[in-house]
1. Between a first residue in the range 366-382 that is within 12 Å of residue 414 (Cα to Cα) and among the charged types (D, E, K, R) and a second residue that is outside any loop (DSSP other than H, G, I, E, B) and within 12 Å of the ligand (Cβ to nearest atom), which pairs have beta carbons less than 6 Å apart while being 6 or more apart in sequence or on different chains?
2. Of all residues in the range 406-428, which are open to solvent by 40 Å² or more (accessible area, probe 1.4 Å) and either touching a strand residue (DSSP E or B) at 6+ places or on another chain (Cβ under 7 Å) or within 16 Å of the ligand (Cβ to nearest atom) (or both)?
3. Can you work out which of the residues in the range 1-40 that are open to solvent by less than 30 Å² (accessible area, probe 1.4 Å) and among the hydroxyl-bearing types (Ser, Thr, Tyr) is modelled with the lowest pLDDT?
4. In the range 109-148, how many residues are crowded, with 18+ Cβ neighbours inside 10 Å, at pLDDT 95 or above and among the small types (Gly, Ala, Ser)?
5. If the requirement is being assigned to a loop (DSSP other than H, G, I, E, B) and buried (at least 16 other Cβ atoms within 10 Å of the Cβ), which of these qualifies: 53, 65, 71?
6. So, in the range 485-532, of the ones that are at positive phi and not charged (D, E, K, R), which residue ends up farthest from the chain's Cα centre (by Cα)?
7. When you go through (1) in the same structural domain as residue 172 (by TED's automatic domain parsing); (2) of a type outside the set (Asp, Glu); (3) open to solvent by 40 Å² or more (accessible area, probe 1.4 Å) one by one for residue 297, which number turns out not to apply?
8. For residues that are surrounded by fewer than 14 Cβ atoms within 10 Å (Cβ to Cβ) and within 16 Å of residue 336 (Cβ to Cβ), tally how many sit in the range 610-629.
Amino acid sequence: MSIEFTASTKTFHLKAGNTSYVLQIVNEGFLAHLYWGRKVSDYRFANYLQFKDRGFSGNPYPSQDRTFSLDTLPQEFPVYGTTDYRAPIVQVQLENGTTITDFRYDSHQIISGKPALEGLPATYVESNEEASTLEIVMNDSLSKMKAVLSYTVFEDRNVITRSVRYINEGNKPFRLLRAMSTSLDFRDADFDFLQLTGAHERERHIERQPLRSGTQSVESRRGASSHQFHPFIALLRKNADEQNGDVYGFSFVYSGNFLAQAEVDPFQNTRVTMGVNPFDFAWKLEAGESFQAPEVVMVYSHEGLGGMSRTYHDLYRTRLARGQFRDKERPILINNWEATYFDFNTEKIEAIARAGSELGIELFVLDDGWFGKRDDDKSSLGDWFVNKLKLPNGLADLANRVRNMEMEFGLWFEPEMVSVNSDLYRQNPDWCLHVPNATRSEGRNQLILDFSRDDVCEYITKVVSDILASAPITYVKWDMNRHMTEIGSALLPADRQRETAHRYMLGLYKVMEKITTSFPHILFESCSGGGGRFDPGMLYYMPQTWTSDNTDAVSRLKIQYGTSLIYPISSIGAHVSAVPNHQVNRITPLKMRGDVASSGNFGYELDLTKLTEEEKEEVKQQVTDYKKIRSLVQFGDFYRLLSPFEGNETAWLFVNKQKNEAVVSYFRVLNEPNAPFRSFTLAGLNPDTSYHIEETGEVIGGDELMYAGIAIPTSLSGDFQSLVWHLKEVKAGE
Ligand code: DGJ
């Protein structure tokens, strides 16, 4: 059993893979955090909790013990107002206006498997043997609220997931002002704080800095997980790097406003809190109602960031993503966005698709502009009816023509949005998020449909489903191109307006669940101006994401490297685009563009009809080569070797689970005159076997490649260079 309860010490010992997580009920029913880290067989309190009378740290009633204060106790479920001054996990406002709670342990149960979270995306198990779940019930005597803390412990993974269900057990309503998903207090503060930050076209850049006293936080108030900050933080021991050292990852399975913070108190405890952002949030709970906080996936690794990433990759690829495509190799696609933007007709689309088919590409994706009167981004979102001026014979005809070229057909949607210049908006001006009498701010000339409303959700589900049923469509790109403003709903009463943003997410998840499960043969890819909603919540519904609107190969090194910290390679959409690049105007060789894109879920996004014969040959070769390594790249283990955040070079490696085949990619951004000789070491190979390197013909031991390294040939010349080595195990006697 991976969850042990010792009644004599009131201790829970959670054993997840090679991890131990220990908590204890102390004093009058408070939940203390004791340990999280490498597995210990039996936790016997050598590092016991210490207590001391500290000035200005009060003592909660009925404890008469002046050494006991919630202000200094490392906790699992901290609240506000009863001697703890650090960030609480929950805050409630009662009918009498007060905001104090006093939660105490009530009971617990251990169940095999992992219950689903109602209405929310979450990791799952396929059999109950894969995980156990501890549910601890905490009761508040003041609000009559019950909090059910849920800890799922994965048997063979270094993963513990946490969430909380807040239930009003009283007979009066109250308001949740804060309802976070996880909180835990490390008993020291010798950590670095790592986050992923950025902007549109510059997503998920890694930042690492030492923790300091006070609070360091990342959050989104934009109504989406966002390009700007990411629903993820990690705490790293000072000596932790890619391959070694303790790393604690916290990843939030949610696509809306979030808060993730680490607070270092004066006694060097570090409190990590994560959940739906309390900013501009409140939730009214009537008697008997409950609020389910989304899931946080917590990963411990003593093999550095690389170990953490591989744990997330395997979990998210196989126990978060769902559906038919989860374990399938993903098709190589050609998308017409950067080729045509809005300016296309049937002939143009067919010509691009035909060129793609001749090069071995497997899926054609028709992007924005096929519906309503959409010739630019100023109109028609919401009018999901085919534009007969551009596609006179309709979608089904086009899709069939593409399929006759032996390619699948995919389609772009932006279902959550409405253009002011659209029939949908003219007919239903109340259907967007808005606040009475306030201006409706636009972003990309569009407003956001109010997905907190059932009627809006039902309408969109129907029109999108009708289109999907009307033609042989096997892929959908689900886009979302602005952030929320004037967050309010015409249907919610005054005291529920601050529920709108979260209700929107619940509505969106419901729509996605309905559409993705009604069309199981369709591969869905989420997108939000590129990677603005690349988050675990979306991955639950759609197994891949368009990583960034920036397709420049050099920019992509950082974006894909940062994204790989958490997300499996099978989810990371990466396309070769034209030069000069449309976002940064850089000219990089087709080889480097191909090598960067084939380090992800591969595709093209340029006008294939404009390629020279020589370029076509090169693309054909890239497509052929990717098909050979696709399964390795998408489903193998991923090792980061050289970081683009630390220098001019990037390298990474994909190795299959048997470790008998690997692909190494190396990228050098700028050439330097008279540069030093360079080499780097590989990782993740079998040290006891030898590998044949296809490109050089050499046979070299895995140990030598990992410990002595591999030289970068001096023949590599010029800026924007890349190398790929394909390694295959040589069996003894071969
Ligand atoms: C933003 C996406 O990220 C692009 O790839 C493209 O689909 C455009 N939207 C279309 O409007």
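1. What qualifies is 367/335; 367/337; 367/412; 368/412.
2. 408, 420, 421
3. Here the answer is 2.
4. 4
5. Values: 53 fails: buried (at least 16 other Cβ atoms within 10 Å of the Cβ); 65 fails: buried (at least 16 other Cβ atoms within 10 Å of the Cβ).
Going through 53, 65, 71 in turn, the sole match is 71.
6. Top of the filtered list is 529.
7. If we test residue 297 against (1) in the same structural domain as residue 172 (by TED's automatic domain parsing); (2) of a type outside the set (Asp, Glu); (3) open to solvent by 40 Å² or more (accessible area, probe 1.4 Å), just (3) comes out false.
8. 1
The values are calculated or read from the model by the stated rules, or taken from the named source; none is laboratory data. Since the model is a prediction, treat every value here as computed from it, not as a measurement. Positions of Cβ are generated from backbone atoms using ideal geometry, with glycine treated the same way; all protein chains shown enter the neighbour counts. Note: areas computed on protein heavy atoms with side chains; ligands, DNA, RNA excluded. Shrake-Rupley method; radii C 1.70, N 1.55, O 1.52, S 1.80 Å.
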